[in-house]
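Notes follow once the structure below has been shown.
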Ligand code: SRM
Ligand SMILES: Cc1cc2nc3c(=O)[nH]c(=O)nc-3n(C[C@H](O)[C@H](O)[C@H](O)COP(=O)(O)OP(=O)(O)OC[C@H]3O[C@@H](n4cnc5c(N)ncnc54)[C@H](O)[C@@H]3O)c2cc1C
Ligand code: SF4
Ligand code: FES
């Protein structure tokens, strides 16, 4: 059904003029182009900023290095869409003549769309215009702040007035610029519009923990200024003051309705251009969308409601121009639920978060250890979730929001919805069609049907559903849902190493062993494709090392090693390394301790006793590693392989030698085992423990292999794990002599090395081994596969060819060049900064804001 | 010591011998004050040299030259990448674009092997 044309349209094509080129304006233009043929109307966008629309939500990433390109639209792109652009501020509307004044230019319109956004509100304080005072809204604002911050000395202070969402965002940005940062808030807590007092408190502790000063309940009375007109501080109503070299006002936003106001359109009492459900203002030829619009008494300061308005406005306007059939699209308000990551702190608020519903009850959990806070607002009968708040951990945001939107009666006690699950417990059942991405309003059904339609990775899901393309906060969930869905569809249960090898690790191990391959090039040529990647290269390197026990940094092997193996040390968060000499069984002489201490002192290293009974020296520069090891080797130490997927430690108690309960010499056995299996490259790391009696002080049953002494000999346990999924080791054999247990262990370890998957600890390997412990016993005790002699020989080969990797590295003088920071200079990385803590160094805390907006990959790095 | 070859718009700075970089590996060079991660990727017997910024934006550490190189399959075929040694975020070696977030990109530098040496090009 076509509506009669409501406008007297000019004989030429109808002309749409859009005032403002912000995020919503851009979405509106896209919608116009998507909903109608470009040839049937002309579009002109008026932009007051010196550029076209950009991603204001990610404004703060303008201070990142490398600086991301935030542009959403470019003049060339608009030209391609047939959209004209006029740069300048629109100053008046003549509604009778249907013209808009932009500087000296007069533009005629058939339909005018106001998408003028908001301006930051600056409280009318004396001194507010002093040099050094800024607002935080546009890229130009940020450039001005940066220029001012760069001109200040390094110890300068920046203060943000306003502790709401945007204020905290701005505080993060000042931190990125290296300023000592404070936030001042008038209300007694941070984010008063979204959080309650407890939630505000949890957020405050997190933010103070980042070194940002928080001052709540402070009414700013004056901006203090020096003789030259530069800001020097803030004075507060209570008589106190705070010095400041730079001030950013972030005390709220106000709709930019001045054009509408001066041309007589209706505006709200407290601002905002009044619109109806079709986004039409009080003049049928004028529409308004985004933050400048007032709908049903509300102005929305978020981008998602603006996007909904853009879609509705485009549909309404095309209908009104007679270009499209009548549209049912209506804007009926938007949910203000939000999930944000502020300064790296996750904050979510949804539904009736403040418990305004009469009779509402609450359950809350305030965890002062993790500094998290969760609150659920429940209906009077306690059966329905009305809303809630999450600070510090928003993993369940989507599910909880869904419960509140759907009003589904609860089937579990409400407190279980906010208590973190016990390890191994099943996750909260996801509600049907749960909201996955709140920015783009994408639900799980849409994601699942995209997967069914062929999407196989997060990137393609982003492309076809739009999920994850806003704040990015839902990407981990998206990733999880993709995995679940693929598994459900019976896909990707593939155990292929990666796209380059259509084999599991076990198959590849067999192929390499049988064909006798010695190098990556041979393996790739015969079994792989492409040029490999960070998954298959270390896996192949590890297989070659297990089989041949070659020095891992030989030129043909070195480029395959994961970074820890590549430098025979553990990389740390700032790019320096930790050094862990082997201390078998945890036994060390006073001379040994002194030597370690001297090395640490000489090279300025941080010392810590590890959970594996040895000493970690952290903060080593890569260039220093060879010199550090020269000293350690001279003192009798060798590599502890803390960096390798290989034997870590054999933990021991003091045992019979000292302990009044001990029944066997646990320390000596631990040392014997550690020296036997040191350097054995395996699918994952291997840990062991030996306890001198059943009291189990060495925690042997939490290890890959563990021994517990009895009067009759040793009990051997296998397949234990601490870590992510703790598991007690299972008893393999009892009352063994040392020699008998060593035979069993040789075979157990070699069988595991040959058959486990990449990064599979013995616990999961054993769980997945068909036939389980019985089968394992049959293979390594009764030799049912006839491979025991082979396994024994393989272990003999390993033991016979063991050499200390660090000794080998030091004798390979050509290879030592790899430890230099720069190939063409003796300089070092001058970006590494240390601070002093309890008398030792520690990496200078990263401004969390530096990483703002970047979502680490789910479980990234968990494979070390 | 730096040697500079001249060409109209690019100044080429020699950073090392080709043999200083093992096939598949990377090194870090200091070029005009910037940390440049230089990689030698060998594919089907041919060497290619890539250079991107050494700074990993996800962890804010200067570590990318220590990442593992590799290939991945994109819509337009095989492309080369490097994965950060810290949290394994990968970047396209030619464009510098993060494979996890297309909006994020590393600086990329012109790079070539010539006369057994590796050169980095700087716009002048
Ligand atoms: C240094 C140390 C912590 C400490 O200060 O005490 C440590 C440090 C790291 N552990 Fe650990 N773990 C240390 C003892 C442990 C223990 C306790 C133990 O061994 O008795 C466990 C639980 C026992 C277990 O493994 O079953 C442990 C379970 C993990 C896990 C989880 C393993 C799992 O199967 O779930 C990881 C992650 C992984 O391997 O994927 C890990 C990974 C790491 C990494 C490699 C994380 C990383 O990728 O950077 C850390 C290296 C830091 C470094 O460079 O120094 N670390 N880690 C301990 C070194 C022991 C040693 O002397 O070698
Ligand atoms: C730092 C920051 C972080 C944010 N984070 C989030 C977030 O995480 N989630 C979220 O949902 N929202 C967030 N927002 C809010 C979000 O950016 C806005 O909701 C969104 O940009 C509104 O779009 P808009 O098009 O209505 O207004 P704007 O993007 O402000 O665009 C309006 C444009 O119109 C121009 N203009 C105004 N008057 C005229 C005139 N007379 N003539 C010509 N041009 C004119 C303005 O200069 C401006 O360029 C954030 C905002 C900021 C500043
Ligand atoms: S396990 Fe405990 S009780 Fe037993 S010998 Fe060792 S230290 Fe003594
Ligand atoms: S929730 Fe913001 S992009 Fe999905």
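Brief remarks on what is shown
- Full extension of the chain segment joining residue A:208 with residue A:94 gains 35.8 nm, where the gain is 0.36 nm per residue of separation less the Cα-Cα distance.
- Highest mean first, the peptides A:456-465, B:58-67, A:286-295 sorted by other C-beta atoms within 10 Å per residue fall in the order A:286-295, B:58-67, A:456-465.
- Segment A:128-170 and segment A:314-366: distance between their alpha carbon centers, rounded to Å: 30 Å
- For the protein assembly as shown, adding -39500 (n - 2.57) for each run of n ≥ 4 DSSP H residues and dividing by the number of residues yields -7500 deg cm²/dmol at 222 nm.
- Three semi-axes of the equivalent ellipsoid, segment B:36-124, Cα gyration tensor, whole Å, largest first: 20, 16, 12
- For the protein assembly as shown, share of DSSP beta bridges that run antiparallel, in % to the nearest 5: 75 percent
- Difference of contour (0.36 nm per residue) and Cα-Cα distance, residue A:108 to residue A:830: 254.1 nm
- Listed peptides A:311-321, A:15-25, B:100-110 by packing density, highest first (mean Cβ within 10 Å): A:15-25, A:311-321, B:100-110
- Degrees, to the nearest 10: A:197-209 long Cα axis against longest axis of chain A: 60 degrees
- For segment A:189-219 and segment A:760-777, distance of Cα centres in Å: 50 Å
- Each label point was placed 7 Å from the Cα along the Cα-to-Cβ direction; for residue A:526 and residue A:13 their separation is 6.5 nm.
- Residues listed by number, segment A:721-735, amide nitrogen under 13 Å from residue A:659 label point at 7 Å toward C-beta: none
- The stretch between residue A:554 and residue A:237, if pulled fully straight at 0.36 nm per residue, gains 107.1 nm over its current Cα-Cα span.
- Shielding by partners, peptide A:583-594 (average Cβ within 10 angstrom, other chains): 0
- Segment A:175-260: relative contact order as a whole-number percent, Cα under 8 Å and 6+ apart: 21 percent
- Short-range pairs are left out: with C-alpha atoms under 8 Å and at least six residues apart, the relative contact order of segment A:122-251 is 35 percent.
- Rounded tilt (10° steps) of A:505-515 against the dominant C-alpha axis of chain A: 50 degrees
- For the peptides A:827-837, A:349-359, the ranking by mean Cβ contacts within 10 Å, running from highest to lowest, is A:349-359, A:827-837.
- Restricting attention to segment A:122-251, close to 35% of DSSP beta bridges with both partner residues there are antiparallel.
- Compared with the dominant Cα axis of chain A, that is its longest principal axis, helix A:625-634 is turned about 20°.
- Ranked A:637, B:91, criterion: other C-beta atoms within 10 Å, fewest first: A:637, B:91
- Segment A:494-624 shape via C-alpha gyration tensor axes, a/c threshold 1.5: prolate
- Take each residue in B:21-29, count the other chain C-beta atoms within 10 Å of its C-beta, and the mean is 6.
- Working from label points 7 Å from Cα in the Cα-to-Cβ sense, the residue A:219 to residue A:87 distance is 4.4 nm.
- Counting, for every residue in B:64-75, the Cβ atoms of other protein chains within 10 Å of its Cβ and taking the mean gives 5.
- Given R0 = 60 Å, the distance between the Cβ atoms of residue A:814 and residue A:121 translates into a calculated FRET efficiency of 0.40.
- Modelled FRET efficiency - R0 60 Å, residue A:369 with residue A:277, Cβ distances, 0.05 increments: 0.80
- Cα-projected label distance for residue A:395 with residue A:412, points at 7 Å along beta-carbon direction, nm: 1.2 nm
- Shown is the FRET efficiency for residue A:842 and residue A:782, computed with R0 = 51 Å from the Cβ-Cβ distance and rounded to the nearest 0.05: 0.40.
- Of every Cα-Cα pair in the protein assembly as shown, the percent that sits beyond 45 Å: 42 percent
- Entry note, chain A: relative contact order of 8 percent, from Cα contacts under 8 Å with a spacing of 6+ residues.
- Segment B:47-124 and segment A:62-121: distance between their alpha carbon centers, rounded to Å: 37 Å
- Cα gyration tensor shape of segment A:53-127, rounded if a/c is under 1.5, else prolate or oblate by comparing a/b with b/c: oblate
Every read-out reported here was derived from the displayed coordinates using simple, explicitly stated rules and does not represent laboratory data. If you're wondering where the values come from, they're calculated on a predicted model, not measured in any experiment. In this analysis, Cβ positions are derived from the backbone assuming ideal geometry, glycine residues included, and neighbour counts consider all displayed protein chains.
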